[in-house]
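Taking it in order: structure first as structure tokens, then the write-up.
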């Protein structure tokens, strides 16, 4: 089992269709980016069936049964990765997944989780601002939606061609912009940089205010344009809510990138009211640049010239509640059945 470095992605599964969809996205990205994939299943006793696993797993209070169910879930997730041509390693986490995932986040390039399943892992990692993984992780997080607000299962494209990012002047917003540019460049995608202006009377933006926002945006983009001269960049300055602007952007972009720090603007929208924010209403995956990721990187940068990805890692074997396991890959029939459920449009 790799203890890891910035060459691996971690995806969390709990047996729900939402988590298997996240596995599909993570495997597709890992293959494209040349990254390793590790899959983790989390459970807690005595009531893991009600809290951590999909409702089909009904045994309660029996660690052996819970462990067996976790292995079955991982087996299905491995089959999804296998369909993408990616070999995946597997982990089981026991206890409180919020705390363990934060520690695990020191070791990965990216963590991917699914959203819009009732209960389960997503609710535990996204449900409260005090324990929200996007707020406290040491690496970026991608939250993959399973359905839209009406319950329609969302289709995910194999190739990412459009990326949007919420931009402001904070260090979190600047890092989100840099990450979005690298991500879009990796896929050869178009990057749309969105800046939201607080609502004016009649929803209009005064000329002087608009000119100021344009100048600020041009300044923020200058190093991006210099570093990625061939990147197709579009800018958009919109009046009103940052949440509304990015939710609308999620309808026409394959990924939406945003910073997270807890106060104001784009970087605060994820932490005010998560149930009403971007994570709950986006119809495309949301790529979150967490506060701790940027702050920890600043600490390291003060010691030596490193990149924001150089957060000190903790060997997986030393994190309490984490167990590397080896599970067989589910059959092709099982994999195809899961694939048809999580993305019907892929199989029409």
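The values are calculated or read from the model by the stated rules, or taken from the named source; none is laboratory data. These numbers were taken from a predicted model, which means no experiment stands behind them. Please note: Cβ atoms are built from the backbone with ideal geometry, for glycine as well, and neighbour counts cover all protein chains shown.
Tell me whether region 260-275 contains one or more residues that are in contact with a strand residue (DSSP E or B) (Cβ under 7 Å, 6 or more places away or on another chain), part of a loop (DSSP other than H, G, I, E, B), at pLDDT below 90 and buried (at least 23 other Cβ atoms within 10 Å of the Cβ). Checked region 260-275: at least one residue is in contact with a strand residue (DSSP E or B) (Cβ under 7 Å, 6 or more places away or on another chain), part of a loop (DSSP other than H, G, I, E, B), at pLDDT below 90 and buried (at least 23 other Cβ atoms within 10 Å of the Cβ).
Of the residues making up region 206-257, those that are assigned to a loop (DSSP other than H, G, I, E, B) and free of Cβ contacts under 8 Å to residues at least 60 places away in the same chain are 206, 228, 229, 230, 231, 232, 240, 241, 251. Do the conditions hold for residue 110, that is, is it in contact with a helix residue (DSSP H, G or I) (Cβ under 9 Å, 6 or more places away or on another chain), at pLDDT below 85 and assigned by TED's automatic domain parsing to the domain that holds residue 13? Spelling it out, it is not the case that residue 110 is in contact with a helix residue (DSSP H, G or I) (Cβ under 9 Å, 6 or more places away or on another chain), at pLDDT below 85 and assigned by TED's automatic domain parsing to the domain that holds residue 13.
Residue 326 passes every criterion in (1) closer than 21 Å to residue 140 by Cα; (2) at pLDDT 85 or above; (3) surrounded by fewer than 18 Cβ atoms within 10 Å (Cβ to Cβ) apart from (1). Taking region 22-43 as the range and being under 16 Å from the mean Cα position of the chain (by Cα) and either on the phi > 0 side of the Ramachandran plot or not assigned by TED's automatic domain parsing to the domain that holds residue 92 (or both) as the test, no residue passes.
Could you say whether any residue in region 31-45 is at pLDDT below 90, farther than 22 Å from residue 141 by Cα and outside any loop (DSSP other than H, G, I, E, B)? No, region 31-45 has no match at all. Go through region 238-259 and give me each residue that's in contact with a helix residue (DSSP H, G or I) (Cβ under 6 Å, 6 or more places away or on another chain) and either at pLDDT 90 or above or under 18 Å from residue 181 (Cβ atoms) (or both). Answer for region 238-259, where residues must be in contact with a helix residue (DSSP H, G or I) (Cβ under 6 Å, 6 or more places away or on another chain) and either at pLDDT 90 or above or under 18 Å from residue 181 (Cβ atoms) (or both): 246, 247, 256, 257, 258, 259. Between 338, 288, 316, the distinction of being at pLDDT 80 or above and under 18 Å from residue 37 (Cβ atoms) belongs to 338 only.
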